């Protein structure tokens with residue numbers, strides 16, 4: 001069973017919470033559902049979210065499928081491949097992010113072009 005549903009331009013993805021940043025996770029969980037018009041930066045989408053938490057176990061290199069909060073910009077990011085900041089094929093944020101969840105299968109994002117409407121919600125919503 002998955003914890004979260006991520007909808008990217010109508011494509012539903014499943015995701016699970018991680019324990020990397022518990023305070024950030026709690027703040028986002030309280031704000032769900034969240035949605036926005038995302039900006040694309042390489043193989044990353046990001047959009048504004050109504051939370052404001054500091055860096056928490058933050059790091060720049062993240063696993064594929066990471067859903068992370070960028071405290072510098074108060075945005076939620078979804079990574080599925082390299083970005084302009086990457087030093088090979090690893091997903092890399094422009095500066096450290098708090099990882100809060102991970103998408104189980106990022107393959108549907110491979111053919112996406114440009115930005116997208118993104119929504120993150122609990123699976124019971």
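No value in this document is a laboratory result; all are computed from the given coordinates. What you see is a predicted model, and the numbers here were worked out from it, not measured in a lab. Note that each Cβ is placed from the backbone with ideal geometry, even for glycine, and that neighbours are counted across all protein chains shown.
Quick look at the numbers
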| item | result |
| --- | --- |
| Gaussian network model of the chain, Cα within-10 Å springs - most flexible of 17, 70, 80 | 17 |
| Debye equation applied to the C-alpha atoms of the chain, log10 I(q)/I(0) at 0.12, 0.15, 0.19 Å⁻¹ | -0.36, -0.58, -0.99 |
| Inter-site label distance for residue 32 and residue 48 at 7 Å from Cα along Cβ, in nm | 2.3 nm |
| Mean ellipticity per residue at 222 nm, deg cm²/dmol - from DSSP H runs of n ≥ 4 across the chain, formula -39500 (n - 2.57) | -2500 deg cm²/dmol |
| For the chain, built as a Gaussian network whose Cα springs stay under 10 Å, the top-fluctuating residue of 27, 35, 110 | 110 |
| Distance (nanometres) between label positions extended 7 Å along Cα→Cβ at residue 7 and residue 90 | 3.5 nm |
